[in-house]
Amino acid sequence: MAVPRTAPILVASNRGPVSYTLGEDGSLTARRGGGGLVSGLSAIGPDANAVWVCAALGEGDREAARRAGDSHLNPGDTGGQQVRMLDIAPDVFAAAYNGIANSVLWFIHHLLYQTPVEPVFDAEFADQWAAYEAYNAAFADALAEEAVDEAVVLVQDYHLALVPAMLRERRPDLRIGHFSHTPWAPPDYYRLLPDDVAAGVLRGILGGDRAAFLTERWAGAFADCCAAVLGAEIVRDGDGDGNGDGAATAVRFEGRETRLGVHGLGADADFLRQRSRQADVDERLTSLRAQIGPDRKSIVRVDRTELSKNIVRGLLAYRRLLESHPEWRERVVHVAFAYPSRQDLAVYRDYTERVRRIADEINAEYGTEGWAPVALHVKDDFARSLAAYRLADVALVNPIRDGMNLVAKEVPVVSERGCALVLSREAGAYAELGDDALVVNPYDVEATARALDEALRMSDGERADRTKRLAAAATALPPQAWFLAQLRAL
Ligand code: G6P
């Protein structure tokens, strides 16, 4: 039985708000996810009749999706939210998600290719691209079925770049927005993509009424790509009267106009303050303190083990700090949380190995009986991350490139005594936090080591003052306001 058209508001994203594990006895256990979208969507309340369309990611999800058929998941599993989980054929899903989304589009926007030998666009790539189109079409079909007349649809991220245009074809009455949570590549780099793919992604997003980004910089790069690849016309702030700042505000292409928007997702202060004071976090705080040892400072980082996060150069900078500033030996611990991510991809597995190896090397080189210089944790544990935020003296956020980086925004909110932030200028968060962070070029290991030293030496008063200002900037647009702003703009 097909779902009736009832939803006035729809969200579409690859990863949904819930995931399932399948027990040996065939039982399904649901686990609700967190993050900006989940908390943003809760702003409109359960009566709004919103529907979230997402993909089944693993075997448990697939089974749950099969059991639900064309209907929504059991609301008991989703906290009352209406969620439609798409059971996309495993090989199609893998080619679209691992192949195109995570190995091509993610790599393009984060400038991750070793360009003398990568990327390789061969016959396998062509098959993956066809799978990506099919996967996007499955979302467009489901959204077209669920949406009431003139509904508003918020499509999320690089996984679903083709959905806006596909959905407009099926349902021209809808108001469609796309939001990119990643950076956007500059035109010269973006054009590494085969011409039809480069154009296809842009045309896909331009099928919507609005394309939104985390910072002006990424919105501007998108507009530049539209001009360079499609020859589209860019509308700029102040066009006509010469008074604006020249930022791109819309793209005109083939008789349609897609407005550009910027919404810098902020940290959820209420949630973080309340969650970080719970008993499980207290417990982990005690054991982290014991691990660091008395009278030692901590440099904390929390990331998915992700190539763009630049964890390796962070460790090299810390090693350089111990080498060039022997006075810090035995007086500091680098607490590095590097949670496994996208382990289906060999380059992620290799990178994870490399992180481990360098952490071991540093411990072997400098460690003493009572002091391990690096405490590397690889098991995902949100409560322990919050405990580390509470006690951190220094937070290291040094991505090669990052859409926003919420860790940079969460630490100042949760920190108890103030925390110095060493921040890459290539993180989206730099636009809002740059004034009170110690800003680094993420490729410059030497400069990062110097910034760590400066951060460790910062006086308590200065650290506390900066942290206060960082927390205010970091919470300017909490998830609920961020979500409502996008809805309103459509
Ligand atoms: C980035 C993307 C998100 C994605 C997340 C985790 O932040 O912008 O869309 O959900 O990474 O990646 P994963 O591949 O595990 O969903």
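The values are calculated or read from the model by the stated rules, or taken from the named source; none is laboratory data. Remember, it's a predicted structure, so these values are computed and weren't measured experimentally. Don't worry about glycine lacking a Cβ; one is built from the backbone with ideal geometry, like all the others, and counts go over all protein chains shown.
Residue check: is V38 under 23 Å from L160 (Cα atoms), in contact with a strand residue (DSSP E or B) (Cβ under 9 Å, 6 or more places away or on another chain) and modelled with pLDDT of 90 or more? Let's see the steps before the verdict.
Numbers: under 23 Å from L160 (Cα atoms): yes; in contact with a strand residue (DSSP E or B) (Cβ under 9 Å, 6 or more places away or on another chain): yes; modelled with pLDDT of 90 or more: no.
Judged against the criteria, V38 is not a match.
Can you name the residue in the stretch 337-392 that is among the polar types (S, T, N, Q) and without any contact (Cβ under 8 Å) to a residue 12 or more places away in the chain and, of all such residues, is surrounded by the fewest Cβ atoms within 10 Å (Cβ to Cβ)? Can you show your working first?
So in the stretch 337-392, the residues among the polar types (S, T, N, Q) come out as 341, 343, 352, 363, 368, 385.
Filter once more, so that each one left must be without any contact (Cβ under 8 Å) to a residue 12 or more places away in the chain: 343, 363.
Working: Q343: 10, N363: 15.
My answer is Q343.
Report yes if some residue within the stretch 321-333 is within 24 Å of the chain's Cα centre (by Cα), modelled with pLDDT of 95 or more and crowded, with 20+ Cβ neighbours inside 10 Å; otherwise report no. Step through it out loud before you land on a result.
Restricting attention to the stretch 321-333, the residues satisfying the condition of being within 24 Å of the chain's Cα centre (by Cα) are none.
Among the residues of the stretch 321-333, not one is within 24 Å of the chain's Cα centre (by Cα), modelled with pLDDT of 95 or more and crowded, with 20+ Cβ neighbours inside 10 Å, which makes the answer no.
Here is a list: A464, A429. Which entry is within 20 Å of the chain's Cα centre (by Cα) and in contact (Cβ under 8 Å) with a residue 12 or more places away in the chain? Even if it seems obvious, please write down each step before you answer.
Working: A464 fails: within 20 Å of the chain's Cα centre (by Cα).
Exactly one residue qualifies, and that residue is A429.
Looking at A338, is it within 30 Å of A212 (Cα to Cα), at pLDDT 95 or above and assigned to a loop (DSSP other than H, G, I, E, B)? Before the answer, list the steps.
On the way: within 30 Å of A212 (Cα to Cα): yes; at pLDDT 95 or above: yes; assigned to a loop (DSSP other than H, G, I, E, B): no.
Considered against the rule, which asks whether it is within 30 Å of A212 (Cα to Cα), at pLDDT 95 or above and assigned to a loop (DSSP other than H, G, I, E, B), A338 comes out as no.
Identify, from the list V332, V300, V355, the residue that is over 21 Å from V411 (Cα atoms) and among the β-branched types (V, I, T). Steps first, please.
Numbers: V332 fails: over 21 Å from V411 (Cα atoms); V300 fails: over 21 Å from V411 (Cα atoms).
Going through V332, V300, V355 in turn, just one is over 21 Å from V411 (Cα atoms) and among the β-branched types (V, I, T): V355.
Every residue, every condition in (1) modelled with pLDDT of 95 or more; (2) touching a helix residue (DSSP H, G or I) at 6+ places or on another chain (Cβ under 7 Å); (3) in a helix (DSSP H, G or I), yes or no:
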site	(1), (2), (3)
D196	yes, no, yes
A228	yes, yes, yes
N243	no, no, no
R252	yes, no, no
T258	yes, yes, no
L265	yes, yes, no
R301	yes, yes, no
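Tell me which of these A144 doesn't satisfy, since it passes every other one: (1) farther than 27 Å from Q486 by Cβ; (2) part of a helix (DSSP H, G or I).
Tallying (1) farther than 27 Å from Q486 by Cβ; (2) part of a helix (DSSP H, G or I), A144 fails exactly one: (1).
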